[in-house]
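Written below as structure tokens is the structure these notes are about.
Throughout, read-outs are computed from the coordinates displayed, never taken from laboratory work. No experiment lies behind these values; they were computed from the predicted model shown. So basically every Cβ, Gly included, is an ideal-geometry build from the backbone, and we count neighbours across all protein chains shown.
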Amino acid sequence: MGDYILLIVSCIFVNNILLMQYLGNCPFLGVSKRMETATGMAMAVIFVLVMAGAITWIVNTLLLRPFGLEYLRTLAFILVIASLVQLVEMFLRKSIPALYAGLGIFLPLITTNCAVMGVCLINIKEEYGFVQALIASFSYAVGFGLALILFAGVRERILLARVPKPLQDTSIGLVTAGMISLAFFAFKGMV
Amino acid sequence: MVGGFLVMGGLGVAIGLCLALASKVFYVYVDPKIEAVEEALPGANCGGCGYPGCSANAAAIVAGQSSPSSCVAGGPEVAAEIAAVMGVEVEAREPEFALPGCRYGVQEADLKYLYEGIHDCRAAMLLGGGAKECPIGCLGLGTCVRACPFGALSMGPDNLPVVNTDLCTGCGTCERICPKHIITLSSASLRIIDEYQVDECTAPCQRSCPTGINIPRFIYQIDHGNYEGALLTIKEKCPLPLICGYICPAPCELACRRNLIDEPVAINPLKRFVADYEMSAGKHVDPYKAEDNDRKIAVIGGGAEGLTTSYYLARLGYQPTLFEAKPELGGILRYVISEDRLPREVLDHEIQGILNMGVTAKTQTVMGEDFTPGSLLSDDYDAVVLTSGGIDSRKILRPEAKGFGPPFQGLFLLLDLYNALDRGEKIDLGEEVVIVHNLSEGLGLARTCREMGAKRVTIVSKLDAGDLPPELVDTATLHAEGIQVLPSTTVSFLEGTGNHLERIGLETIDPRGDEFGETSILNVDALIFPGARLPELVFVREERNPEAPSQIRRWRTLETFRTFPKGTQNGVFSSPEPGRLSDSSAVVKSILSGRRLCRAVHTHFTEERVAPIDNLVWEADAILDVSEVHHVKSLERQQPSILDVEGDSESAWIFPKPWPGLNEPAARTEAQRCLNCGLICYRKNENETSLKA
């Protein structure tokens, strides 16, 4: 049990996928201008990442490893994740239209998201079991959401501040991201 | 190796099958209308409709959230096609075109430095706002040209964008991308109701013209022999060019930049020249007129202001009817100004031109006897505009008429009130009286009202509490007298039923003057207004209570004009003369207020409130200008000074015989004297090439 809690804390804070591993920076800068879109994106990532984590673990364990085909991992994972997102999109559209309307435009964005891919590869690299992989995927996604929503909050405040012209918009966004990342370094060594 | 192929191939096939299956199992019905509408849309994803792309707009159209004519890029054909898909009628929509607002390219304008960087205006903008001295000058790097999804823009030889109006769809992409906000969408209707703002390229003459005629542009058109175009340019702002040509005091000529070298350009004679050209051709050059919108507007008062209001209302698509008490239209122009200064055939020609635009005139109908604004609103008029203006013909026509003859009961003009008191008449003011404060009339008038039986008198003043005259400062004592003083407040609207005033809206004036104040409503029996002439008022139906019988319509008045930052013209009763938009001291001033009334009417029927003008050019203290001109040759003015027309007699100024006007060669020569000024640019002699208007 204690191991799982450690794993969760480590994935959310210490090894935060956005701020410590620097994966998935495009949505981090792209959809963090408004809290509303940031929340939507965070939810979509949690949803997709848990599913992708599970499926890729299964593909790796049952398909790639028995045949000694680990060198095809990246290729296979891309294929699996991309079609998974497609499938999920179709499923949601039919079965849970409200959720589809909420996550709708963010789902295709995640298809090529390096954070999703990265977490799946980390799961394998760390040689997690299935439950551990699930928990890790979920926690990494929560960490992603946390960082994104924190950042969106800061950016909404920056809109009201007087920013020097050359630093406006993305520039100040990058500076801010760097500072939040530095703040997260405080978690280093906790676990 | 083979295993790898098999596994990856198998995985691919399996996933493919899964997806194919899923697309059948999870098939969602999509309204075929959405696809049909999307098919009809141009697919340029320009965003001119306000939606992220064509498919989003298609969905919105089918859901009823967007109009079939919302696609600005597609124009009427696409709108008709979509309307056919949706099975609805398409509403007419005035075409809008991009209009570049800068006239001097980088080669001709004064520069701060030479820019050699990324070929994009947005990049150049980062270096101190661009290379030009002029803060609102086009940077000429063609960002708008590359952004235009329809290829309607190109870069002219002078490094200014040129719009091909055949290709321009009015999508507004260029307007959104231009970092200097120079290129804007414009339409004939928009130009009519627009006022110049500080951050617009305007010439000194243009700014000083009360009606705001685009003087450099029309002179440029004369210079190029395009007389009808010049006339149309003038008529965008002034419907009476010939009358103005005769009697306008021409403040524009005082502002002309040529004053810094020799004599001003003969602007008014040039205007008269094109107007004479129209009259001698025996026709009226008809400008663009928006499609009829079936709204009937009554305009009361057939003087210059009423004529202007009804002319522009007609051009904006309304159906105006002009009510005049006298036998003929014209007001002061006909009944006050001497025939020597303004020949009557000139007046008749101009009035005919206005009637030709679709204005119905009803003469010898007197407000208060034949109709009232309340009765007109019950008679299916959607709005009533009161422009009784400079002379009060009710009194002149019927000297025996008793009473005050106001548009409704409860409005008292100070002059009428004092006259009646002088005659010893008894006036019933009612219990609640409001006095609109001007500097001279305050406490004394309030006490008189109390003596006449008013229970409570409220003085509404635009002044700050600190600026009030001393007798109004002691609020406690005044309160004991039943007198209330409201500083920093203006009357924003009047409300009533039929012929009775019931309530007024009060709005506080924001001390910084850049926000809307707080509005409150006060029940009143009488409103005393500190002038001698009726203010301009726009009455519209109050639709809050639709069940009320149509005979007793509730009405309210619109705010006639609003500006920021100083807010001196906010409220119904605004400057310059207390309570009036125009002081009728010159025909051009009445024309301006007539056009502003149209703005009030048009914004009411298109939006709710009169859109404030942030930095109105006439009110601005500081506008960029030049104090000296260089490289300009002195040229002789074609029209002799007014005193030389009839020898050196002073009477030449007071009763000048109608001057025959400029002939064509003289006009063309005179037009070449124009420096075609912009904010700080002007035409320099060494560099006479490639000018645009």
Exercise. If R0 is 30 Å, what FRET efficiency do you get for residue B:162 and residue B:35 from their C-beta distance, rounded to 0.05?
Worked result: 0.20
Exercise. Can you sort A:75, A:134 so the residue with the fewest Cβ neighbours within 10 Å comes first?
Worked result: A:75, A:134
Exercise. Are there trypsin sites (Lys or Arg not before Pro) in segment B:425-460 that DSSP marks as loop and that have at most 11 other Cβ atoms within 10 Å, and which are they?
Worked result: B:426
For this session: Determine the shielding of peptide A:146-154 by partner chains: average, over its residues, the number of Cβ atoms on other chains within 10 angstrom of each Cβ.
Result: 0
Problem set entry | residue B:515 versus residue A:182: modelled label distance in nm, points set 7 Å from Cα along the beta carbon direction | 3.6
Exercise. For segment B:51-143, which trypsin sites (Lys or Arg not before Pro) are in a loop by DSSP, counting at most 13 other Cβ atoms within 10 Å?
Worked result: B:112
Exercise. What do the square roots of 5 times the Cα gyration tensor eigenvalues come to for segment A:2-187, in whole Å, largest first, as semi-axes of the equivalent ellipsoid?
Worked result: 30, 20, 14
For this session: Please work out the ratio of the alpha-carbon Rg of the protein assembly as shown to 2.2 N^0.38 Å and round it to two decimals.
Result: 1.22
For this session: Measure up B:235/B:271; B:112/B:180; B:132/B:237 against 19 Å on the Cα-Cα distance and list the ones that go over.
Result: B:132/B:237
Problem set entry | DSSP beta bridges in the protein assembly as shown [antiparallel fraction, %, rounded to 5] | 50
For this session: Would you calculate a helix-derived [θ] at 222 nm for chain B, using -39,500 (n - 2.57) for each DSSP H run of n ≥ 4 and dividing by the full residue count, to the nearest 500?
Result: -9000 deg cm²/dmol
Seminar exercise, completed: Among beta bridges assigned by DSSP with both residues in chain B, the antiparallel ones amount in percent, to the nearest 5, to 50
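Between residue B:111 and residue B:147, 0.36 nm times their residue separation minus their Cα-Cα distance comes to what?
10.4 nm
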For this session: Could you list which residues have their amide H under 5 Å from that of residue B:299, counting only those 5 or more apart in sequence or on another chain, with H placed in the peptide plane?
Result: B:321, B:322, B:323, B:385
For this session: Apply the Karplus parameterisation 6.51 cos²θ - 1.76 cosθ + 1.60, with θ equal to phi minus 60°, to every residue of segment B:189-197 and state each ³J(HN,Hα) to the nearest whole Hz, in sequence, with x for glycine and proline.
Result: 5, 4, 5, 5, 8, 6, 10, 5, 10
Exercise. Beyond 18 Å, what share of the Cα-Cα pairs of segment B:91-186 remains, rounded to the nearest whole percent?
Worked result: 41
For this session: Please arrange B:299, B:2, A:88 by counting, for each residue, the other beta carbons lying within 10 Å of its beta carbon, fewest first.
Result: B:2, A:88, B:299
Seminar exercise, completed: The simple spin-label model distance between residue B:23 and residue B:295, using points 7 Å out along Cα→Cβ, in nm, is 5.0
Problem set entry | Rg(Cα)/(2.2 N^0.38 Å) for segment B:287-363, N = residue count | 1.09
Seminar exercise, completed: For chain B, the Kirkwood Rh over every pair of distinct alpha carbons, in Å, works out to 28.6
For this session: Would you pull out the residues with amide H under 5 Å of residue B:675's amide H, same chain only if 5 or more places away, H placed 1.01 Å from N?
Result: none
For this session: Using only alpha carbons, build the gyration tensor for segment B:239-379 and give me the equivalent ellipsoid semi-axes, biggest first, whole Å.
Result: 31, 17, 14
Exercise. For segment B:464-502, which GluC sites (Glu not before Pro) are both in a DSSP coil and crowded by at most 15 other Cβ atoms within 10 Å?
Worked result: B:481
Exercise. Thinking of segment B:415-501 as a set of Cα atoms, what percent of all their pairs are more than 22 Å apart?
Worked result: 30
Exercise. Relative contact order for segment B:29-91: what is it in percent, counting Cα pairs under 8 Å that are at least 6 residues apart?
Worked result: 31
Seminar exercise, completed: Phi-derived 3J(HN,Hα) across segment A:45-60 with the Karplus relation (6.51, -1.76, 1.60, θ = phi - 60°), rounded Hz, x for Gly and Pro, is 5, 4, 4, 6, 5, 4, 5, 5, x, 5, 5, 5, 4, 5, 4, 5
Seminar exercise, completed: In whole angstrom, the spacing between the Cα centers of segment A:133-191 and segment B:8-35 equals 37
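Above 21 Å lies some portion of the pair distances; for segment B:138-274, what is it as a whole percent of all C-alpha pairs?
51
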Problem set entry | Helix B:587-606 vs. chain B, principal-axis angle (Cα, 0 to 90°, nearest 10) | 50
For this session: With r as the distance between the Cβ atoms of residue B:191 and residue B:63 and R0 = 56 Å, compute the FRET efficiency 1/(1 + (r/R0)^6) and round to 0.05.
Result: 0.95
Seminar exercise, completed: By the Cα gyration tensor axes a ≥ b ≥ c (a/c under 1.5 gives rounded; else a/b larger than b/c gives prolate, otherwise oblate), the shape of segment B:184-253 is rounded
For this session: Sticking with the crude label model, points 7 Å out along Cα→Cβ, report the distance from residue B:56 to residue B:467 in nm, one decimal please.
Result: 4.6
Exercise. In percent, what relative contact order does chain B have, based on Cα pairs under 8 Å that are 6 or more apart in sequence?
Worked result: 13
Problem set entry | Exercise: per-residue mean of other protein chain Cβ atoms within 10 Å, A:159-167 | 1
Seminar exercise, completed: So for segment B:13-138, using the alpha carbon gyration tensor with a ≥ b ≥ c as root eigenvalues (a/c under 1.5 gives rounded; past that, a/b versus b/c decides prolate or oblate), I'd call it oblate
Exercise. For the Cα atoms of chain A, what angle does the longest principal axis make with the long axis of helix A:130-160, in degrees from 0 to 90, nearest 10?
Worked result: 10
For this session: Could you tell me how many degrees, from 0 to 90 and to the nearest 10, lie between the Cα long axis of helix B:75-86 and the main elongation axis, the longest principal axis, of the Cα atoms of chain B?
Result: 80
Seminar exercise, completed: For the residue A:58, residue A:9 Cβ pair and Förster radius 25 Å, calculated FRET efficiency rounded to 0.05 is 0.45
For this session: Specify whether the C-alpha gyration tensor of segment B:442-544 places it in the rounded, prolate or oblate class, a ≥ b ≥ c being the square roots of the eigenvalues: rounded for a/c under 1.5, otherwise prolate if a/b is larger than b/c and oblate if not.
Result: oblate
Seminar exercise, completed: For residue B:99, other-chain or 5+-apart residues with amide H closer than 5 Å (H placed, Pro excluded) are B:184, B:185, B:186
